[in-house]
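Participant: Here you go, one structure.
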Amino acid sequence: MVIEEPCNYASNIAYYRGALRICEYDQWSGGESNIATRNALKRSFMALGSGSAFMHGSQTKLGRAFDVVPIAAIAYTSYESLITAIGGYENTFLRCLGKSHCATAEEVARRTAFLSLNHDVGKWEQELKNIKGSFPAKYDQTFAAIIVIAAYISFPDVIADLVLDNLRDAFDGSSFMTFLFDEFLPEVKPLIDEVYLGVLEFMEQSDLASRFIGSLGKLGYAFLFQEEFLDLDLTDKNLMRGTSSAFIVNGFADLMTGGDGFPFPDNFGLYPGSENCNPKSSHALWHQQSAEGLSDLNLMVDYIVSVIEKNKASQKDDGSLCAFDDTCKSGSCQWWVGKSFY
């Protein structure tokens, strides 16, 4: 069998490493009750590894469909977890990102991961279309929605506004930005403002901000090598520098997130052939970097969810903010006093 794009085919092994990272993480919010989210992420990462390999190995229309749906499922799983935590699950517009109805993330991930087992080859393309139509499958829009919610929870409004203004400028003119700022943000912002974070300890406060910066740094660096988003003219020399710099970017990001990233000694050892492929194929480097960035983003979202859940349990009956309560425990709330004035 002829493999059309050997480097882009082999580099998908990075996504299996992403699935292992999800498996090995032991600080999930909700404990065993969160098993559906964890399963959906693991299944989606595994489906992305095989689906993207199918696409780059065959360069077929069916292969491309297998490539796109799993990454959308990964984004949707984290988004569903986050929108549920802030109380927006019953709002169909928010849960389904503008669609009139949508399946659960667990159902989308299960149908995607087991598609080849449950359907004959001749039905794969139609089933992928059915899955894609059952949930908000524009993953760039879903990632942007996650960033919006995470930014306003992680920072005071004045800083979050600055972050999102830069995001809007970077993708000026895109339809999903118009949806995000004109329709989504006015609907979701009141819910975000109601999120109770009044009893955060200092380390939680700083972790929210640093995890946001570290996770988005990794994923943002990955998008430099995704030619469909940023069509940069990358020479072999630039790709070599990009590969070498990934080690620095990821190391700094791991300091911010408190994680250890992928357990490999350097950026030439994540998949077989990476030493030759990364300096030659920007898309292979995208696979390697996005696998780590996506898993970091998932863990960042789960940390936000765990903080929200913890503080919901500590909220006062009258809903008052800890920042103005002398009985609050020492050292809490200082970061968030300013949020009341933005």
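The values are calculated or read from the model by the stated rules, or taken from the named source; none is laboratory data. As the structure is a prediction and not an experimental result, all values here were calculated from the model. Cβ atoms come from the backbone with ideal geometry, glycine included; neighbour counts cover every protein chain shown. Accessible surface is based on the protein model in full, side chains and every heavy atom, while ligands, DNA and RNA are left aside. Shrake-Rupley method; radii C 1.70, N 1.55, O 1.52, S 1.80 Å.
Participant: Regarding segment 156-173, can at least one residue be identified that is open to solvent by 30 Å² or more (accessible area, probe 1.4 Å) and of a type in the set (Gly, Ala, Ser)?
Facilitator: Yes, segment 156-173 has at least one match.
Participant: Oh, and also: If only one of GLY51, GLY57 is over 30 Å from ILE304 (Cβ atoms) and assigned to a helix (DSSP H, G or I), which one is it?
Facilitator: Just a single option satisfies the conditions, and that option is GLY57.
Participant: So the check is Cβ under 8 Å with 6+ separation or different chains; which pairs have a first residue in segment 159-176 that's in contact (Cβ under 8 Å) with a residue 24 or more places away in the chain and a second one that's open to solvent by 70 Å² or more (accessible area, probe 1.4 Å)?
Facilitator: The qualifying pairs are PHE176/LYS138.
Here is a yes/no grid of residues against (1) touching a Leu at 6+ places or on another chain (Cβ under 7 Å); (2) closer than 16 Å to SER11 by Cα; (3) open to solvent by less than 30 Å² (accessible area, probe 1.4 Å):
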| site | (1), (2), (3) |
| --- | --- |
| PHE54 | no, yes, no |
| LYS61 | no, no, no |
| ALA72 | no, no, yes |
| ALA75 | no, no, yes |
| SER81 | no, no, yes |
| ILE86 | yes, no, yes |
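Participant: All but one of (1) at pLDDT 80 or above; (2) on the phi < 0 side of the Ramachandran plot; (3) over 18 Å from the mean Cα position of the chain (by Cα); (4) open to solvent by less than 50 Å² (accessible area, probe 1.4 Å) hold for GLY273, so report the exception by its number.
Facilitator: So GLY273 meets the others, but not (2).
Participant: Can you pull out every residue in segment 95-107 that is in a helix (DSSP H, G or I) and either closer than 16 Å to LEU82 by Cβ or free of Cβ contacts under 8 Å to residues at least 24 places away in the same chain (or both)?
Facilitator: Answer for segment 95-107, where residues must be in a helix (DSSP H, G or I) and either closer than 16 Å to LEU82 by Cβ or free of Cβ contacts under 8 Å to residues at least 24 places away in the same chain (or both): ARG95, ALA105, GLU106.
Participant: Determine which single condition GLU183 fails, assuming it passes every other condition in (1) open to solvent by 20 Å² or more (accessible area, probe 1.4 Å); (2) at pLDDT 90 or above; (3) within 18 Å of the chain's Cα centre (by Cα).
Facilitator: It fails just one condition, (3).
Participant: Inspect segment 310-322 for any residue being modelled with pLDDT under 60 and of a type in the set (A, V, I, L, M, F, W, C) and give the result as yes or no.
Facilitator: Yes: segment 310-322 contains one or more residues that are modelled with pLDDT under 60 and of a type in the set (A, V, I, L, M, F, W, C).
Participant: Now for a different question. Output the residues belonging to segment 20-43 that are under 20 Å from VAL108 (Cβ atoms), modelled with pLDDT of 85 or more and part of a helix (DSSP H, G or I).
Facilitator: ILE22, CYS23, ILE35, ALA36, THR37, ARG38, ASN39, ALA40, LEU41, LYS42, ARG43
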